[in-house]
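Asks: Have a look at this one before I ask anything.
The values are calculated or read from the model by the stated rules, or taken from the named source; none is laboratory data. Since we're looking at a predicted model, the values are computed, not measured. Virtual Cβ from ideal backbone geometry, glycine too; neighbours counted across all protein chains shown. Ligands, DNA and RNA are stripped out before the accessible areas are found, and what is left, the full protein with its side chains, is counted by its heavy atoms. Shrake-Rupley method; radii C 1.70, N 1.55, O 1.52, S 1.80 Å.
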Amino acid sequence: MSSPPTSVLKGQTALPSDKVQQIGLLNAVNDKYGGVVVDMKEPMDSHIYVPLLRASISQWRQQGKKGVWIKLPIEQANLVEPTVKEGFRYHHAESNYLMLVYWIPDSPDTLPANASHIVGIGAFVMNNKREVLVVKEKHGYFKGKDAWKFPTGVVNQGEDICAAAIREVKEETGIDTEFMEILAFNQTHQQFLGKSDLFFVCMLQPLSFDITKQDSEIKAAQWIPIDEYVNQTYNREHKPFEYVAKICLTKSQSNYGGFSAVHTLTSSGKQPYLYFNGQDFKP
């Protein structure tokens with residue numbers, strides 16, 4: 001009678017090299033931090049997958065590897081339970097895959113946590129009549145509240161803050177804009193799905209003025225005098241909104257210095273934006 005198979009977990013003896021060669025290994029690439037990444041692109045039966053996984057972990061342990069990342073596409077959901085049974089844990093999920101991780105050494109796990117923040121924007125748009133672009137929402141927190149607010153939204157993955165502000169204004173009001181500055185930002189915790197939230201107040205210059213509201217999300221949209229926006233009862237009763245309103249009012253009246261955006265170039269060829277105070281620094 002044969003013994004049941006056991007997982008190759010922390011502290012266990014590695015498989016002999018001839019056994020590893022006999023079973024085979026999962027395809028993996030090295031990451032920059034002494035670990036490996038497995039991207040499971042081809043369908044595989046769990047009875048084939050588990051021996052490969054065990055042999056791979058044994059080999060990686062001998063090589064001194066640290067973290068193991070396994071990316072399972074949604075089509076291979078059958079491999080989630082076997083992977084967890086081998087000691088892996090969930091790290092994060094997207095609409096089409098699940099990422100699981102495993103720490104090999106007998107040392108503190110230093111794998112980075114899942115993304116901790118959601119990034120949002122609020123768009124301060126003022127025309128040459130000192131009127132600001134505001135909306136009332138059909139859904140969400142502001143549903144049913146008699147308060148005008150700036151167009152707001154969440155920054156998409158891979159999207160720059162300045163691009164998100166332009167997009168959200170266009171989607172909600174039909175107004176074309178040019179990004180000018182970040183005027184302020186705040187951080188709050190335990191928001192949507194328990195994540196922290198970074199919210200950036202952006203100033204944009206209107207390039208068009210005729211409003212076409214987003215019927216699915218927006219109840220009303222219009223230009224109103226900035227003083228009327230600032231002095232709303234809702235703003236006076238909610239300090240964070242009052243502070244933002246007063247910052248925008250100050251910007252409209254004086255040379256308040258926000259953060260401008262400039263393209264930079266990384267060694268890998270990416271072109272992220274750097275946000276800086278244009279009053280005190282010229283790139």
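Asks: Which of the residues spanning the stretch 182-199 are open to solvent by 30 Å² or more (accessible area, probe 1.4 Å) and part of a strand (DSSP E or B)?
Replies: Phe185, Asn186, Gln187, Thr188, Asp197, Leu198, Phe199, listed by residue number.
Asks: Only one residue in Asn128, Asn96 is over 23 Å from Asn231 (Cβ atoms), open to solvent by 40 Å² or more (accessible area, probe 1.4 Å) and out of contact with any Asp or Glu (no Cβ under 8 Å at 6 or more places or on another chain). Which one?
Replies: Asn96
Asks: Within the stretch 87-144, which strands (runs of 3 or more DSSP E) (wholly inside it) include 2 or more residues that are under 19 Å from the mean Cα position of the chain (by Cα) and closer than 19 Å to Phe241 by Cβ?
Replies: Where strands (runs of 3 or more DSSP E) fall fully within the stretch 87-144 and carry at least 2 residues being under 19 Å from the mean Cα position of the chain (by Cα) and closer than 19 Å to Phe241 by Cβ, they are 117-125.
Asks: Still on this structure, I have one more. Give the residue that is nearest to the chain's Cα centre (by Cα), with candidates limited to residues of the stretch 68-86 that are in a helix (DSSP H, G or I) and among the hydrophobic types (A, V, I, L, M, F, W, C).
Replies: So the residue we want is Ile74.
Asks: Give the residue, chosen from Thr177, Thr188, Thr212, that is more than 26 Å from Ser252 (Cα to Cα) and polar (S, T, N, Q).
Replies: Thr188
Asks: I would also like to ask the following. Within the set of pairs 6 or more residues apart or between chains, which connect a residue that is open to solvent by 40 Å² or more (accessible area, probe 1.4 Å) inside the stretch 214-238 to a residue that is assigned to a loop (DSSP other than H, G, I, E, B) and among the small types (Gly, Ala, Ser) with Cβ atoms less than 8 Å apart?
Replies: Between residues of the stretch 214-238 that are open to solvent by 40 Å² or more (accessible area, probe 1.4 Å) and residues that are assigned to a loop (DSSP other than H, G, I, E, B) and among the small types (Gly, Ala, Ser), the close pairs are Gln214/Gly174; Thr233/Ala147.
Asks: Same structure again: Looking only at the stretch 31-49, count how many residues are outside any loop (DSSP other than H, G, I, E, B) and in contact (Cβ under 8 Å) with a residue 24 or more places away in the chain.
Replies: Number of matching residues: 6.
Asks: Inspect all residues belonging to the stretch 243-254 and state whether any of them is touching a Gly at 6+ places or on another chain (Cβ under 8 Å) and in the same structural domain as Ala147 (by the TED database).
Replies: Yes; the residues of the stretch 243-254 include at least one that is touching a Gly at 6+ places or on another chain (Cβ under 8 Å) and in the same structural domain as Ala147 (by the TED database).
Asks: Assess whether Asp227 counts as being part of a loop (DSSP other than H, G, I, E, B), charged (D, E, K, R) and assigned by the TED database to the domain that holds His139.
Replies: The answer is no for Asp227.
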